[in-house]
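Right, one structure below, let's go through it.
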Amino acid sequence: MYTSEDVEMFVQDKHTEFSTRAWSEEYLHVYMNDAYAGMYMLLSKEHAELLRDTLDVFLDGGYAFEDLEMLVQDEHTELSTCIWNADYLRVYMDDDYDVLGILLSKEQAELLRDTLDVFLDGGYAD
């Protein structure tokens with residue numbers, strides 16, 4: 001079982017913040033914002049697993065560019081990844097009005113992957 005704090009994660013670069021928190025046992029709230037816009041989506045366990053597997057490939061190295069392309073979407077928002085270089089993974093979130101992106105370092109990608117592991121491995125206890 002996990003609590004809300006167990007799946008809270010926060011990373012930022014110079015301009016953008018990317019965070020997670022529990023929504024329910026079945027959905028993880030993912031939020032990205034900068035000084036001008038903010039957007040969020042709820043990741044189902046299936047989508048969280050896809051993102052976690054993509055992060056595993058990035059962290060393990062020895063991949064082709066296509067191996068790190070991932071897209072999940074809900075009715076209004078998309079979350080996607082692509083390779084920036086061997087040290088950074090580009091994560092985009094967009095809706096009908098805005099596009100935000102952040103570069104995740106290997107350290108930040110590992111933090112996100114570990115957070116997703118907690119979400120996928122247990123039930124929500126709050």
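Count, please, the residues in region 14-39 that happen to be under 15 Å from L112 (Cβ atoms) and open to solvent by 50 Å² or more (accessible area, probe 1.4 Å). Matching residues across region 14-39 total 3.
Filtering region 43-69 to residues that are more than 21 Å from Q108 (Cβ to Cβ) and open to solvent by less than 50 Å² (accessible area, probe 1.4 Å) leaves S44, K45, A64. Considered as a group, the residues in region 100-111 that are of a type outside the set (S, T, N, Q) and assigned to a strand (DSSP E or B) include one that is surrounded by the most Cβ atoms within 10 Å (Cβ to Cβ), and that residue is L104. In summary, strands (runs of 3 or more DSSP E) completely within region 8-81 and bearing 1 or more residues that are within 12 Å of the chain's Cα centre (by Cα) and over 15 Å from I102 (Cβ atoms) occur at 17-22, 27-33, 38-44, 70-73.
Contact annotation: residue pairs with Cβ atoms under 8 Å, 6 or more positions apart or on different chains, pairing a residue in region 37-60 that is hydrophobic (A, V, I, L, M, F, W, C) with a partner that is part of a helix (DSSP H, G or I) and open to solvent by 40 Å² or more (accessible area, probe 1.4 Å), are L55/E110; L55/R113; V57/D67; F58/K106; L59/K106; L59/E110; L59/R113. Within region 84-99, restricting attention to residues that are of a type outside the set (F, W, Y), open to solvent by 10 Å² or more (accessible area, probe 1.4 Å) and under 14 Å from the mean Cα position of the chain (by Cα), the residue that is farthest from S44 (Cα to Cα) is R90. Do we have any residue at all in region 112-126 that's hydrophobic (A, V, I, L, M, F, W, C) and open to solvent by 60 Å² or more (accessible area, probe 1.4 Å)? Scanning region 112-126, I find no residue that is hydrophobic (A, V, I, L, M, F, W, C) and open to solvent by 60 Å² or more (accessible area, probe 1.4 Å), so the answer is no.
The values are calculated or read from the model by the stated rules, or taken from the named source; none is laboratory data. The model shown is predicted, which means the values in this text are computed figures rather than measured ones. Counting neighbours? That spans all protein chains shown, and the Cβs are built from the backbone with ideal geometry, glycine included. For accessibility, only protein heavy atoms count, side chains too; no ligands or nucleic acids. Shrake-Rupley method; radii C 1.70, N 1.55, O 1.52, S 1.80 Å.
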